[in-house]
Amino acid sequence: MKDKGNSVTVFNARLIGAFFLLAFLAYGIGRQLFESTDDPEKYLGASLIIANSVMVLFIGILLRKTLKLYNPTVGNIYLFTRIFEALALLTILLNGNVSDDLGYFPAMLVLGIGSIPMCLTLLKHKITPSWLAIWGAAGYAVFAFGFLMELFGKVWSMYLLGPGGLWEVVFAVWLIMRRSKNVKPKTD
């Protein structure tokens, strides 16, 4: 991300992008393996779910570092969002059963709602291309709505998570591929 000319931020942007992509894989594969009746597979699945939560937490910590330069409140909201997501996704391990996982829907709802201000900050301060920030805000709004409906018994999340989920992949690739620019935070 852009930071007062510090070259370490390029590494952080790439690291954040890598964490976005690896977290998808870790949770997706980990959740599948955790359903296994074979103990080694179940333990590997649990390890991947824990790794996902660690990566999600670091996404929040690292992005907060950039966001707080532009809006400290948004930086803190985003960090809280990722802390909540990381902890809520770990509930699958406490339940011992994927079908009883009560943490996934609230985790995704909070992620959707808490990521909208982050995307709007990216837009306002031109940290990312406008199209990417607008897509993120809209995608997360649709994403959050889908998971809100899940809490009311409507099975909509699978149909509405696409725009937000795809945005995370594109954002991750953008973070990994972008070039460093020495840009100072804009003041309001």
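The values are calculated or read from the model by the stated rules, or taken from the named source; none is laboratory data. In this text the structure is predicted, and so the values were computed from the model without any measurement. For neighbour counting, all protein chains shown are included, and Cβ atoms are generated from backbone atoms with ideal geometry for every residue, glycine included.
Side notes on the structure shown:
- Selected residue (only one of V142, V155, V98 is more than 20 Å from I16 (Cβ to Cβ), in contact with a Pro (Cβ under 9 Å, 6 or more places away or on another chain) and modelled with pLDDT under 95): V142
- A137 being touching a Cys at 6+ places or on another chain (Cβ under 7 Å), buried (at least 17 other Cβ atoms within 10 Å of the Cβ) and either modelled with pLDDT of 95 or more or assigned to a helix (DSSP H, G or I) (or both): yes
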